[in-house]
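Some notes on the structure that comes next.
The values are calculated or read from the model by the stated rules, or taken from the named source; none is laboratory data. Note that the structure is a prediction, hence the values are computed from the model and not measured. Cβ placement follows ideal geometry from the backbone for every residue including glycine, while neighbour counts extend to all protein chains displayed.
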């Protein structure tokens with residue numbers, strides 16, 4: 001796959017604070033990449049660097065094979081959509097869409113044609129004469145996307161575009177963005193702290209922390225084989241359960257205070273099996289209960305501490321000794337506080353992380 | 001397992017639908033709170049209104065009536081003579097042409113000073129808030145520090161500077177002085193206002209290819225009417241009311257109105273014409289007063305907009 005954006009050894013510091021550290025990234029042509037991380041991890045900063053809104057301290061940025069490190073934002077072939085929409089309040093929707101084109105010196109007929117095309121795609125034709133103040137949140141964000149669309153850019157940058165919208169609208173617009181990407185096949189970079197947005201939209205997710213990319217992989221890969229304990233905890237809600245213990249017998253077993261588990265079926269990473277202290281992690285949805293638990297290689301007895309019915313499924317917090325685990329079970333099952341519960345899981349679905357480096361084994 | 005707790009239905013606990021309070025809570029017109037609130041407001045209003053009342057009343061009386069001594073009494077015989085005299089005939093030192101000429105001096109000083117200082121300060125504030133150039137913080141710190149230096153310290157050095165420039169005693173010299181001295185507070189005002197506008201708007205404009213002036217004129221300026229109103233009011237009243245710079249940096253021919261007013265009031269030839277003095281004072285204060293009345297609403301909005309982020 002030919003790369004659309006290439007970032008080489010990117011560094012950015014504000015005074016003594018290093019925000020981005022020696023960052024390398026290749027984004028393929030037409031790829032939908034999501035930058036995911038908690039606030040302060042540098043994901044928006046990285047996006048601003050790609051857009052040219054921040055000067056980099058070191059490193060290079062290439063867009064469509066062109067070194068744009070010193071280029072102005074408007075010359076980089078990018079369009080950007082912001083969290084607060086950032087529409088020009090005194091201009092009509094039409095004025096907002098045409099502002100960039102006028103600056104670029106397009107002819108009136110060309111501008112009209114492009115606005116017409118973008119308005120059709122985004123279904124905002126009836127709104128063209130209105131001002132942003134008279135639009136709903138969803139409509140405003142659509143106009144903001146339109147502003148990038150009319151400029152016929154190679155790359156779309158989204159900076160948490162859905163965070164200001166209510167839950168229902170967010171789901172709708174998320175699907176629309178995905179739809180738009182399918183239709184346009186532009187490269188898109190999307191910054192969010194919402195893991196559901198990341199999982200649903202991305203071709204690949206880059207999980208960031210402290211100005212570094214911890215893992216860059218498909219949503220499935222990140223969910224199933226997180227590269228580190230941090231990534232494992234970050235993706236999934238409620239987050240992964242961990243047992244604190246020791247790997248023994250050349251990676252054959254894992255001993256912890258809940259018992260000794262056989263690791264038969266667990267796939268170790270490239271480093272292979274290593275004995276030593278480790279975390280064993282298992283997701284709430286990979287723990288079986290009741291009769292199904294009896295078929296699992298690893299079986300435990302637990303008591304129910306707390307039940308959270310969500311409708312579609314039910315979250316149960318169980319205790320094994322004084323260790324708490326979250327278990328996700330079917331929404332129709334009847335479980336009450338204090339019940340005894342058999343639980344079980346398959347080590348093939350688990351992830352083991354080295355205690356000191358916290359990387360996956 | 002079935003939950004054995006039962007939740008009572010609403011109708012079981014609340015049966016009493018009639019008789020009890022319903023709808024908005026009634027308000028008493030003469031509650032203690034209201035008496036205190038409006039009493040205080042009334043007193044403050046009277047406190048501020050009485051001097052104005054005395055001035056207007058006195059300016060409409062003839063001298064014999066004033067000599068009766070009751071300053072609060074309304075005029076028995078209304079006369080506009082003192083107003084005409086203050087405008088056209090009152091003596092300021094040697095010449096006796098009233099305030100009229102000096103009024104136009106003040107206009108010629110105020111208008112260019114206000115326009116010039118606001119143009120420069122708004123661009124200053126915009127550059128400081130949005131472009132964060134190297135040394136911006138130092139520049140801003142120095143500018144703000146300038147606001148704390150007492151004017152008296154700078155009076156004489158500026159006299160020398162204006163003399164060297166050949167502008168001493170000239171209206172344009174005073175315009176320059178007013179523009180410079182307006183800079184710290186106006187820049188602060190504009191900087192804070194532009195900083196309170198969403199940063200993403202500025203970023204969006206940059207992605208759209210607008211440059212320094214493009215963003216200023218086409219994105220930010222149309223959103224900034226309230227803060228420009230505040231700046232105009234501050235500057236018009238400040239410069240119009242200025243006495244110190246006016247008396248130091250201009251000559252007798254180019255004195256602003258405030259200096260002329262002082263001369264009228266302080267000129268003692270025979271009797272003190274209180275009615276003329278009062279009329280002259282009101283005429284001088286008329287411009288700032290009008291500005292306040294016309295733009296009061298915008299002024300409040302602008303102050304609020306500058307203070308609160310949103």
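Key figures
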{"read-out": "Among the residues listed as A:250, A:241, the single one being crowded, with 21+ Cβ neighbours inside 10 Å and outside the structural domain of residue A:163 (by TED's automatic domain parsing)", "value": "A:241"}
{"read-out": "Given (1) in the same structural domain as residue B:200 (by TED's automatic domain parsing); (2) in contact (Cβ under 8 Å) with a residue 24 or more places away in the chain; (3) within 18 Å of residue B:285 (Cα to Cα), number of the condition residue B:111 does not satisfy", "value": "(2)"}
{"read-out": "Tally, over segment A:123-135, of residues that are away from every other protein chain (no Cβ under 14 Å) and crowded, with 20+ Cβ neighbours inside 10 Å", "value": "2"}
{"read-out": "The lone exception for residue A:101 - which of (1) within 11 Å of chain B (Cβ to nearest Cβ); (2) in contact (Cβ under 8 Å) with a residue 60 or more places away in the chain; (3) part of a helix (DSSP H, G or I); (4) out of contact with any strand residue (DSSP E or B) (no Cβ under 9 Å at 6 or more places or on another chain) it fails", "value": "(2)"}
{"read-out": "Single residue of segment A:15-36 satisfying the filter (away from every other protein chain (no Cβ under 14 Å) and at positive phi) that is farthest from the chain's Cα centre (by Cα)", "value": "A:22"}
{"read-out": "Odd one out for residue A:298 among (1) farther than 20 Å from residue A:340 by Cβ; (2) touching a residue at least 40 places away in the same chain (Cβ under 8 Å); (3) surrounded by 14 or more Cβ atoms within 10 Å (Cβ to Cβ)", "value": "(1)"}
{"read-out": "Single unsatisfied condition, residue A:99 versus (1) surrounded by fewer than 20 Cβ atoms within 10 Å (Cβ to Cβ); (2) under 15 Å from residue B:205 (Cα atoms)", "value": "(1)"}
{"read-out": "Selection status of residue A:12, more than 22 Å from residue A:181 (Cα to Cα) and touching a helix residue (DSSP H, G or I) at 6+ places or on another chain (Cβ under 7 Å)", "value": "yes"}
{"read-out": "Candidates A:214, A:280 - the one that is surrounded by 14 or more Cβ atoms within 10 Å (Cβ to Cβ) and assigned by TED's automatic domain parsing to the domain that holds residue A:163", "value": "A:214"}
{"read-out": "Segment A:136-192 - residue that is assigned to a loop (DSSP other than H, G, I, E, B) and within 27 Å of residue A:106 (Cβ to Cβ) and, of those, farthest from the other protein chains (Cβ to nearest Cβ)", "value": "A:185"}
{"read-out": "In segment A:1-46, the residues that are closer than 22 Å to residue A:235 by Cα and loosely packed, with under 15 Cβ neighbours inside 10 Å", "value": "A:38, A:39, A:40"}
{"read-out": "In segment A:57-96, the residues that are in a helix (DSSP H, G or I), buried (at least 16 other Cβ atoms within 10 Å of the Cβ) and facing another protein chain (nearest Cβ under 10 Å)", "value": "A:73, A:74, A:95, A:96"}
{"read-out": "Extreme residue, nearest to residue A:274 (Cα to Cα), among residues of segment A:329-358 that are surrounded by 12 or more Cβ atoms within 10 Å (Cβ to Cβ) and within 14 Å of another protein chain (Cβ to nearest Cβ)", "value": "A:341"}
{"read-out": "Scan of segment B:166-176 for residues that are outside any helix (DSSP H, G or I) and surrounded by 12 or more Cβ atoms within 10 Å (Cβ to Cβ), ordered by number", "value": "B:167, B:168, B:169, B:170"}
{"read-out": "Residue in segment A:203-212 that is more than 21 Å from residue A:40 (Cα to Cα) and more than 26 Å from the chain's Cα centre (by Cα) present", "value": "no"}
{"read-out": "Selected residue (criterion: farthest from the other protein chains (Cβ to nearest Cβ)) from residues of segment B:190-208 that are touching a residue at least 60 places away in the same chain (Cβ under 8 Å) and surrounded by 22 or more Cβ atoms within 10 Å (Cβ to Cβ)", "value": "B:191"}
{"read-out": "Failed item in (1) away from chain A (no Cβ under 13 Å); (2) at pLDDT below 90, with residue B:225 passing the rest", "value": "(1)"}
{"read-out": "Test: residue in segment A:45-67 that is farther than 30 Å from residue B:221 by Cβ and within 20 Å of the chain's Cα centre (by Cα)", "value": "yes"}
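Condition check ((1) buried (at least 20 other Cβ atoms within 10 Å of the Cβ); (2) within 14 Å of chain A (Cβ to nearest Cβ)) across all residues:
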| site | (1), (2) |
| --- | --- |
| B:210 | yes, yes |
| B:219 | yes, yes |
| B:250 | yes, no |
| B:283 | no, no |
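Results for (1) within 19 Å of residue A:223 (Cβ to Cβ); (2) under 28 Å from the mean Cα position of the chain (by Cα), shown as yes or no for each residue.
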residue	(1), (2)
A:257	no, no
A:267	yes, yes
A:279	yes, yes
A:297	no, no
A:304	no, no
A:320	no, no
A:336	no, no
A:343	no, no
A:357	no, yes
